[in-house]
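Structure first, then comments.
The values are calculated or read from the model by the stated rules, or taken from the named source; none is laboratory data. Only a predicted model underlies this, so the values are computations on that prediction, with no experimental measurement involved. Cβ atoms come from the backbone with ideal geometry, glycine included; neighbour counts cover every protein chain shown.
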Amino acid sequence: MAGFPGKRKSTLVKYIVAFITLLIVATLFLCLYFVWLKKGLDNRKAENASTDSKDLVVVIDAGHGGSEPGCVIGNIMEKDITLSIAHKVEKKLNSQNITVIMTRNLDEYPTLKERGEMAQGADYFVSIHCNSNTYNTSAFGFECYYYYDRDKKLAEQLIQEARTKGIVENGMKYGDFQVLRDTDMPSVLVETGYMTNERELENLCSKEYQLELADVIADAIGSMEENQ
Ligand SMILES: [Zn+2]
């Protein structure tokens with residue numbers, strides 16, 4: 001009976017050694033797993049950094065401003081609606097890591113020439129306006145104007161985005177606007193809707209519709225980049 005406790009002891013030692021070995025192997029695997037996980041995370045971060053740092057610069061031009069109110073219906077002025085939409089576009093583009101240059105941030109009037117100069121070196125230029133038709137107050141819908149052939153792709157994209165989001169659009173049109181003539185990158189002038197149409201004016205003044213319009217513009221620019 002004397003050897004039995006010794007046998008028990010050696011079995012216990014074996015168990016302890018096996019347990020410690022298992023612990024070491026498990027720790028090793030866990031370490032390897034964390035290294036692999038971190039490497040994956042770093043790779044993803046690097047991937048994001050490469051897609052995010054597009055260095056894309058977009059000029060957002062809020063139409064009119066200051067002493068130049070644009071279309072005025074009662075106490076509602078085009079210059080205020082365009083600035084409000086422009087700020088929403090700026091926010092959305094910034095959240096996509098796109099640099100935005102605003103031709104104006106306040107109720108002031110940079111000349112059309114100055115707006116063109118501010119756009120120099122940028123990738124895209126979008127001028128935001130509201131339409132009016134005093135002869136036909138039932139006219140309504142989103143429109144996009146281009147001047148050069150190089151503007152057409154962006155104009156098309158904007159119309160497509162509007163259609164996708166269920167915004168009534170009248171298609172893209174040729175427009176001889178100074179801001180489009182003076183800029184040397186794909187540039188468009190967006191007529192977001194008719195202020196002379198009572199229902200559309202109500203939409204244009206609502207925060208929800210302005211956010212939808214901002215989505216159209218920001219998503220169109222995003223799609224332009226994806227399709228590059
Ligand atoms: Zn205007």
Problem - Whichever residue in the range 83-113 is within 19 Å of residue 146 (Cα to Cα) and in contact (Cβ under 8 Å) with a residue 60 or more places away in the chain and, among such residues, is surrounded by the fewest Cβ atoms within 10 Å (Cβ to Cβ) - result: 113
Completion exercise
The one condition residue 46 fails out of (1) at pLDDT 95 or above; (2) not assigned by TED's automatic domain parsing to the domain that holds residue 100 is (1)
Completion exercise
Of (1) surrounded by fewer than 23 Cβ atoms within 10 Å (Cβ to Cβ); (2) modelled with pLDDT under 95; (3) among the aliphatic types (A, V, I, L, M), residue 179 fails just (1)
Problem - Those residues of the range 138-157 which are closer than 20 Å to residue 195 by Cα and either surrounded by 14 or more Cβ atoms within 10 Å (Cβ to Cβ) or not assigned by TED's automatic domain parsing to the domain that holds residue 217 (or both), in sequence order - result: 139, 140, 141, 142, 143, 144, 145
Practice task
Run residue 116 past the list (1) crowded, with 17+ Cβ neighbours inside 10 Å; (2) in contact with a helix residue (DSSP H, G or I) (Cβ under 9 Å, 6 or more places away or on another chain); (3) modelled with pLDDT of 95 or more and report the number of the one that doesn't hold.
Solution key: (3)
Handout entry: helices (runs of 4 or more DSSP H) contained in the range 54-169 and holding at least 3 residues farther than 20 Å from residue 183 by Cα and away from the ligand (no atom under 16 Å from the Cβ)
Key = 78-95, 152-164
Exercise for the section: Run down 171, 65, 121 and say which single residue is surrounded by fewer than 22 Cβ atoms within 10 Å (Cβ to Cβ), in contact (Cβ under 8 Å) with a residue 12 or more places away in the chain and touching an Asp or Glu at 6+ places or on another chain (Cβ under 8 Å). Expected result: 171
Fill in the blank from the handout: Result of the Cβ filter at 7 Å on the range 211-228, keeping first residues that are modelled with pLDDT under 95 and partners that are in a helix (DSSP H, G or I) and among the aliphatic types (A, V, I, L, M), at least 6 apart or interchain, is 224/154
